[in-house]
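A quick write-up on the structure given underneath.
The values are calculated or read from the model by the stated rules, or taken from the named source; none is laboratory data. Note that the structure is predicted; figures quoted are calculated from it, not measured. Heads up, the Cβs are rebuilt from the backbone with ideal geometry, glycines too, and the neighbour counts pull from every protein chain shown. Accessible surface areas use protein heavy atoms only, side chains included; no ligands, DNA or RNA. Shrake-Rupley method; radii C 1.70, N 1.55, O 1.52, S 1.80 Å.
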Amino acid sequence: MSDILIRQGRIITASDDYTADILVSGGRIRMIGEAIDVGADTEIHDASGLLVMPGGIDVHTHLEAAVGAANTVDTFETGSMAAAFGGTTTLIDYAKQDKGASPIAGFADWRQRAAGAAIDVAAHMIIVDFNEQTLIDMKSLLADEGITSFKMFMVRPGELLIDDGQLLKILRMTGDNGALSCVHAENGLIIDTLVEEAVAEGHNDPIYHALTRPSSTEGEATHRAIRIAELAEAPLYIVHVSASEALDNITEARDRGVPIFAETCPHYLFLTEAEYDKPGFEPAKYVMSPPLRAQSHQDALWRGLASDDLQVVSTDHCPFCFTEHAHGLKYSKEVGRDSFARIPNGAPGVETRMPLIFSGGVGQGRISLNRFVQLTATGPAKLFGLFPKKGTIAVGSDADLVLFDGQESWTIRAAEHHSRVDYSLFEGREVTGRVKKVFLRGELIVDGQSWLGQKGGGEYLPRGASGSL
Ligand code: DUC
Ligand code: ZN
Ligand code: ZN
């Protein structure tokens, strides 16, 4: 691999903003300087007029994953390629324990599938079956595989739910061992009761997915999870926050100095529950958990990003096609055509996170350029044990770099995406800010609309301690 010089880009990190040259050698950043002299064998990329930012880190994806009766449609190859075109060079994807099985087996299975990734990948482990052996196996994953974060669901009793007592024990273990517990915080027992009632009353339409998951159920579960984490004296990370009641609880705890961290996702920042009023089965595209909320929640989330009550923007990329024609029934929302209760929960987004947040965040004056980098790369890297290898532009860090045109306007179209999914939540939306080139450890993998990366070109990332910023 020849050395690379990225010349005269405007370098943006979570704290800096200056114009300089970056010399890359052996996949890492070797030197940053005003005007670096190089030999004729160095490959030069002119970045004048462009922003140079650390490759994005998306800490919430579900690739090649079984979710209930359906499977997500992106493989590690296609999902990681889509991520790269969106300026993301690292994914932390969800591996999952199966009922009655060890999480160690779940990781082995994930690792095989993840071998196809074209960008770097790490894993969180979803725990769904808890006993004393589970805790021992989690410690093995921590020590042997560098899995330093675990996700627990407070929903879907009998299938996914970890009860409050189990959550307490897991939090104690993660807190004592430099790991971070992540929770899906909604009250599953209340939601299941509301779903049962709606089904009994003959309601089938997708809008009932949202009507049976009111924001108060997210607020309540978030409050409970925070109190359990306080009891365990452990840091806690709340995934996919959508509701202002949840954010209020996070803010209140953080103001008291409790180490609570949280993410939100682009769909909660740009879309509202109005999408569920669309005709026919169309609203199924927006069936994800938690569901889209009213405008007031969206406003609160933007405030939370600016005030650091939310520290990460991830995508929860959990893609199912809208129609079964694209890749088959098993990969589509059509599984739930007859009842909202069976529509696979999840939506795509891995390819549009960076341009959307740049456009709606920096472009609309809601967050600064530095905050953009903090939310999409540096914060995720620090919280999840990847910093400073990932998440910044510094001497010694991996040369995961995005050359980004902050002025170019373009329109989001699913037909132009690289994901296998057949729709975008943001179809037809004009955004300003476009990825021009992406380097993964010094390799040019995206050049305009050209794909230069390769299946299996990503590396598995064992992680260090998680749970502090
Ligand atoms: N939670 C997720 O984080 N992703 C998809 C579905 C869900 O319930
Ligand atoms: Zn979840
Ligand atoms: Zn998810």
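Consider segment 131-168. How many of its residues are farther than 19 Å from residue 186 by Cα and away from ligand 3 (no atom under 16 Å from the Cβ)?
Restricting attention to segment 131-168, the residues satisfying the condition of being farther than 19 Å from residue 186 by Cα are 131-149.
Remaining after also requiring away from ligand 3 (no atom under 16 Å from the Cβ): 131-148.
Going through segment 131-168 one residue at a time, the tally reaches 18.
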State all residues of segment 314-329 that are within 16 Å of the chain's Cα centre (by Cα) and not in a loop (DSSP other than H, G, I, E, B); if no residue qualifies, say none. 317
Which residue out of 171, 189 is surrounded by fewer than 24 Cβ atoms within 10 Å (Cβ to Cβ) and either outside any helix (DSSP H, G or I) or away from ligand 3 (no atom under 16 Å from the Cβ) (or both)? 189
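With a cut-off of at least 3 residues that are more than 16 Å from ligand 1 (Cβ to nearest atom), in contact with a strand residue (DSSP E or B) (Cβ under 7 Å, 6 or more places away or on another chain) and under 17 Å from residue 401 (Cα atoms), name the strands (runs of 3 or more DSSP E) lying wholly within segment 27-114.
Working: elements: 28-33, 43-46, 51-54, 56-61, 88-96.
Answer list for segment 27-114: 28-33, 43-46, 51-54, 88-96.
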May I ask you to say which residue of 87, 68, 100, 49 is surrounded by fewer than 23 Cβ atoms within 10 Å (Cβ to Cβ), at positive phi, in contact (Cβ under 8 Å) with a residue 60 or more places away in the chain and more than 15 Å from ligand 2 (Cβ to nearest atom)? 49
Report, by residue number, each residue of segment 423-469 that is among the charged types (D, E, K, R) and touching a residue at least 12 places away in the same chain (Cβ under 8 Å). 427, 429, 430, 434, 436, 437, 441, 443, 455, 459, 463
Residues in segment 214-226: is at least one in a helix (DSSP H, G or I), among the aliphatic types (A, V, I, L, M) and either more than 13 Å from ligand 2 (Cβ to nearest atom) or outside the structural domain of residue 292 (by TED's automatic domain parsing) (or both)? yes
Taking segment 380-402 and keeping residues more than 18 Å from the chain's Cα centre (by Cα) and surrounded by fewer than 24 Cβ atoms within 10 Å (Cβ to Cβ) leaves 388, 389, 394, 395, 396, 397
If you take the residues of segment 127-153 that are within 21 Å of the chain's Cα centre (by Cα) and open to solvent by 20 Å² or more (accessible area, probe 1.4 Å), which of them is nearest to residue 166 (Cα to Cα)? 153
Those residues that are within 13 Å of ligand 1 (Cβ to nearest atom) and either within 21 Å of the chain's Cα centre (by Cα) or under 23 Å from residue 381 (Cβ atoms) (or both), I need them from segment 162-195; list them, please. 182, 183, 184, 185, 186
